[in-house]
Amino acid sequence: MSTAIILESNPLEKDYEDYICAYFQSGGLYVEKSIIHRETEEILELDIITTDFNPNETKKKLIEIKSGNWGFSEIFKVKGWLFYLKMEAGIFIVKKPRDSFEYFYKKAAELGIELIDNSDLTKTKISLEKFLHQQAEPKEIETLRFSYLLERKLLKQIKEFKKQFPANQGFINLDDYFFKINSGSFFSSNPVRRIKQLFETYIKYKNITAKLCYELEYGEYNNDVEELSENCFKNLFYNAENSPLQIALYIEHIARMTILKSCIEQLLRKHKELFGNDKFLESIDYLSIPQTIKNGLELLVREPYFHRYPIFWQFFTYVMGGFILTDLRNEEYKYISENTGIPMEEIPNAFGSFNKLFPKEGGWMFSIPRSNIEWHRFFPLAFCGVGANHRRFLHLKNLNSEDQTYEELDKLLGGRKTMADLIKWNNLGHEILK
């Protein structure tokens, strides 16, 4: 039996950033983490940017987190970032207490920064609740922390692979792909340029998982390759193999999710008055994006809850693990609805949004044979493992903690291979996390 992985009860540094970030995402906000501004040298790194998606607007906040020593120099640094980013307000969360906190609090407020003393972790929920879209929940926070830890370990592996195999073009491209999606485009001088940069990067590295598969098998990177080999496909999805291709799948998924988020954010910002009328397509011509994407956006803006789709996809990725248990579909849709603000009857439209922007024959959701699971195609299975683990808390919440096992969950499920798939995914996530 695998040894349980225990999260730090007194997290520090990156673990503490994950802990705080989980509150904001569980609280119904879209989070972007560890955003690095790099030109000839690294200029700055932002801990968290949150976006609250409402029907008529988006609201952003800069969150700086410090688990160690801090003082006025850190407060003024945050003020400088706010000025550079043209943002009005920020939050500075500190874990280490110090004397004269009220004085620091008042001076920070004069600079448009809310200073939060989070030295007592039992009061984190109270300290942050006024900044959230909805109430944060403990089990979601725990699952999010596992997802963030998994994410950091996968991204660290890219750096290690680059050093270990310097001639491998796929690893170089993976590192560049994630940086440009997560950070490189973030500091564009205007939102439209960011969308354009995201699409250019997406097109440049399209099907990178298949290309990396080819390079690992044949020793050369081939830009013409578009599909995984039979062997790579089998090892990735049937055997749930821990390989660099899992990282590539994750980055490809994050790229699509970031594009969707950025497009909806810009449409809310600029084109509310054009939604649903004949001038809509004309109004987004200047985005220089593929026609299929523009057609998809025209469909999305006619849906009443499209503004919450970025929240939906981030929740589905980091908490649900990219799949739905079809035996418990109603319960899972209800849970997703409560956490994303999208009514249950609109959940199918939220799932369909990927196919509207990135058309795929047969759609992105796939019913796994002999398994009562509906899975997002090409979703990284390590994150499926986090979602599998979360199902024990979600569906067995009325049992004692010692009864929240996969054996108990199996009693609620049909499908000959459903439980085998959940355990296989769980084991992969565990292998990477340990």
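Only the coordinates and a few stated rules stand behind these numbers; no lab work does. These numbers were taken from a predicted model, which means no experiment stands behind them. Every residue, glycine among them, receives a Cβ derived from its backbone with ideal geometry; neighbour counts consider all protein chains shown.
If each of N56 and N242 carries a label point 7 Å out from its Cα toward its Cβ, how far apart are those two points in nm?
5.2 nm
Can you compute the radius of gyration and Dmax for region 53-135, using only the Cα atoms, both in Å?
Using the Cα atoms of region 53-135, the pair Rg, Dmax is 13.3, 43 Å.
What are the trypsin sites (Lys or Arg not before Pro) within region 295-358 that DSSP puts in a loop, where the Cβ has at most 14 other Cβ atoms within 10 Å?
Values: sites: R302, R308, R329, K334, K356; in loops: R302.
When the trypsin sites (Lys or Arg not before Pro) of region 295-358 are filtered for loop state and at most 14 Cβ neighbours within 10 Å, R302 remain.
In debye, nearest 20, what is the charge dipole magnitude of region 13-135 about its Cα centre with +1 on Lys and Arg Cβ and -1 on Asp and Glu Cβ, if you could check?
Dipole about the Cα centre, nearest 20: 260 debye.
Tell me, which cysteines of the chain are without a disulfide-compatible partner by the Cβ under 4.7 Å rule?
C21, C263, C384 - these cysteines have no disulfide-compatible partner (Cβ-Cβ under 4.7 Å) in the chain.
Given R₀ = 25 Å, FRET efficiency for K163-K86 by Cβ-Cβ distance, to 0.05?
Calculated transfer efficiency: 0.10.
Work out, step by step, the length gained on full extension between D327 and Q135: first 0.36 nm times the residue separation, then minus their alpha carbon distance; give nm to one decimal.
The span from D327 to Q135 would gain 66.4 nm if fully extended.
Note the full-extension length gain between E200 and K96 as 0.36 nm times their separation in residues minus their Cα-Cα distance, in nm to one decimal.
33.2 nm
In nanometres, what is the gap between the two model label sites at K153 and E74, each 7 Å from Cα along Cα-to-Cβ?
2.8 nm
Quick one, which of (i) 24, 59, 17, 0; (ii) 25, 52, 18, 4, 1; (iii) 21, 44, 25, 8, 2, 0 is the actual P(r) over Cα pairs in 20 Å bins from 0, in percent calculated for this model?
(i)
Can you give the relative contact order of region 282-434 as a percent, counting alpha carbon pairs under 8 Å and 6+ residues apart?
It comes to 26 percent, rounded to a whole number.
Run the helix sum for the chain: -39,500 (n - 2.57) per DSSP H stretch of 4+ residues, divided by residue count, reported at 222 nm to the nearest 500 deg cm²/dmol.
-16000 deg cm²/dmol
What is the packing order of peptides 221-229, 85-93, taking the mean over residues of other C-beta atoms within 10 Å and listing the highest first?
So the order, starting with the most tightly packed, is 85-93, 221-229.
Kindly rank 369-382, 154-167, 105-118 from highest to lowest mean number of other beta carbons found within 10 Å of each residue.
369-382, 105-118, 154-167
Which order do the peptides 239-250, 67-78 come out in when sorted by mean C-beta neighbours inside 10 angstrom, highest first?
239-250, 67-78
Which value, in debye to the nearest 20, gives the size of the charge dipole of the chain about its Cα centre, when Lys and Arg are +1 and Asp and Glu are -1 at the Cβ?
480 debye
Can you pull out the GluC sites (Glu not before Pro) in region 308-361 whose DSSP state is coil and whose Cβ has at most 13 other Cβ atoms within 10 Å?
E361
Points 7 angstrom from Cα along the Cβ direction at S119 and L299: gap in nanometres?
So the two model labels end up 5.5 nm from each other.
Between Q291 and I36, what FRET efficiency follows from the Cβ-Cβ distance if R0 is 35 Å, with the result rounded to 0.05?
0.60
Are any of the pairs K156/K206; K130/K156; K86/K163; K96/K130; K204/K234 more than 32 Å apart by Cα-Cα distance, and if so, which? Don't skip to the answer; put the middle values down first.
Values: K156/K206 22 Å; K130/K156 34 Å; K86/K163 37 Å; K96/K130 21 Å; K204/K234 26 Å.
Those over the limit are K130/K156; K86/K163.
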